[in-house]
Amino acid sequence: MTFEIEAIFLDLGNTLRILTKNDAHQGAAKKRITELVGTDEDPDSFVKKLDERYKVYRKWAFEHMREAPEPELWTRWLTPDFPAERIAPLGAELTYQYRQSMGLRVVVENGKQVIETLQQRGYTLGIISNLITTREIPEWMEKEGFSSYFKSVALSSVLGIRKPDPEIYHIAAREAEVDPARCVYVGDNLKRDVTGTRAAGFGMTIIMISPEDLSESVITEENRPDAVIHSFTELLDIFPLRPRVNMDYIHQPPLLGSLV
């Protein structure tokens, strides 16, 4: 099956990137949020209030498989008690800072080397991810040097639709110029990522999950992935050099030593 795969699409949260706690980073973001909104409330208390309101928003987003534009996220859901005409223009910055208040997101161990190796092996790479910010991912990709690796980046914050809506997968495949049947999606959510990928007609679904979480999960025919991995580097075991790829790649020195 892997020889038929041309494109590998990745989730971001808990797949290519993980959330880590950083008190200074989070504290600065919380303070910035209160400054932007214009409140004297304690930053920690104010963001806790936002967190409760965000849970209500997420329930709506999951039910409707939609992502609200950032101005609407804040004027309707997170800060409806502040003047909309002042808050709406700040939507993108507020959303970015709210994401930072949750923690610092870092690339998984050996993440970039795996991406480089998969590209060298001849796979088209892309991202399909649910998230509320339009600003964070383009800035991160540019800063970390990821922009050149991904031909397609489909974000719910930009498209207004969320996984598991099949359309977000179809858009990503069209941007990558690869038939969905020759695409694979690598995610972390057994329900959302498996059902959406399958409904979109992707050829393969891989779930990255810890052994502990897997042991507590209920696997059914509806959410059964084609493969399960516990670390990002295991993708190199699944996806070898593609047929008809320029054989010069074979003579390049391995990027990950024993991992390649």
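A short reminder: the numbers here are calculations on the coordinates, not readings from a lab. None of these values were measured; they are calculated from a predicted model. Methodologically, a virtual Cβ is constructed for each residue, glycine included, from the backbone with ideal geometry; neighbour enumeration extends over all protein chains shown.
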Would you mind calculating the relative contact order of the chain from Cα pairs under 8 angstrom and at least 6 residues apart, reporting the percent as a whole number? 25
In terms of the Cα gyration tensor, with a ≥ b ≥ c the square roots of its eigenvalues, is the stretch 107-237 rounded because a/c is under 1.5, prolate because a/b exceeds b/c, or oblate? rounded
Set the Förster radius R0 to 30 Å, insert the Cβ-Cβ distance between Leu159 and Ser231 as r into 1/(1 + (r/R0)^6), and round the FRET efficiency to 0.05. 0.50
So for Lys59, Lys151, fewest C-beta neighbours within 10 Å to most, what's the order? Lys59, Lys151
Stretched fully, the stretch from Asn14 through Asp44 gains (0.36 nm per residue minus C-alpha distance, one decimal, in nm) 8.3 nm
For the stretch 22-102, averaging the sequence separation of alpha carbon pairs under 8 Å that lie six or more residues apart and dividing by its residue count, the contact order in percent is 41
Grab the DSSP H runs of the chain that are 4 residues or longer, score each as -39,500 (n - 2.57), total them, divide by all residues and round the 222 nm result to the nearest 500 deg cm²/dmol. -11500 deg cm²/dmol
Among DSSP bridges having both ends in the stretch 1-145, what percentage is antiparallel? Round to the nearest 5. 45
Going by C-beta contacts inside 10 Å, put Tyr96, Tyr169 in order with the fewest on the left. Tyr96, Tyr169
At R0 = 30 Å, FRET efficiency that the Cβ-Cβ distance of Lys191 and Glu144 yields, to 0.05: 0.55
So, by mean Cβ neighbours within 10 angstrom, what's the order for 80-93, 103-116 with the highest one leading? 103-116, 80-93
Antiparallel bridges, percent of DSSP beta bridges restricted to the chain (to nearest 5): 20
Check cross-link reach from Lys30 to the lysines: straight Cα distance under 26 Å, and skip same-chain residues fewer than eight apart. Lys21, Lys48, Lys49, Lys55, Lys59, Lys143
